[in-house]
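What follows is calculated from the coordinates using simple rules that are stated; it is not laboratory data. Everything numeric here is computed off the predicted structure, so don't read it as measured data. Cβ: placed from backbone, ideal geometry, glycine included. Neighbour counts: every protein chain shown.
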Amino acid sequence: MKCPHQALVALVDGERFLLMRNVGQIFEPKLEKVAEPELDPTNFSAGVDHQDKISQRHGRTDLNELAHGAAATEWLNNQAKTGKIDQIMIIADPKTLGEMRRHYHKELESRICGEIAKELATEPTATIEKSIASA
């Protein structure tokens, strides 16, 4: 997958939110850590579609994790609306990415250069770079 030079890469899961920047080439990403913003996950309406009793009983729904994904999206929306994001790739586990998509503002959507639905937020940088290049 193409990851433009200087594009931000947001790595999100139910607990971690990490921003990196591609300082490499478009097909050979080289990521450097930019920030790990602190979030206040307060949007517990996140995951309202996932609140059925069977999913909760089997541990498939964690409203705290989904609220974290919504909080990360709110943070990214704010950055996009204030012009602090030019291009961004979003990498999140499938459930978090699905929740994030529900909260994208049109300004953020217009800046997304790619999405990867994969759990990579805790992986080493080299693994993340390989995953982007092979996506």
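Before moving on, here are some points about what is shown:
- Relative packing of 104-113, 68-77, 4-13, 122-131, which averages over residues the other C-beta atoms within 10 Å, highest first: 68-77, 4-13, 104-113, 122-131
- For Lys33, a cut-off of 29 angstrom between C-alpha atoms picks up these lysines, skipping any fewer than 8 places away in its own chain: Lys2, Lys81, Lys84, Lys95, Lys106, Lys118, Lys130.
- Neighbourhood net charge (12 Å Cβ-Cβ; Lys/Arg +1, Asp/Glu -1) for Tyr104: 0
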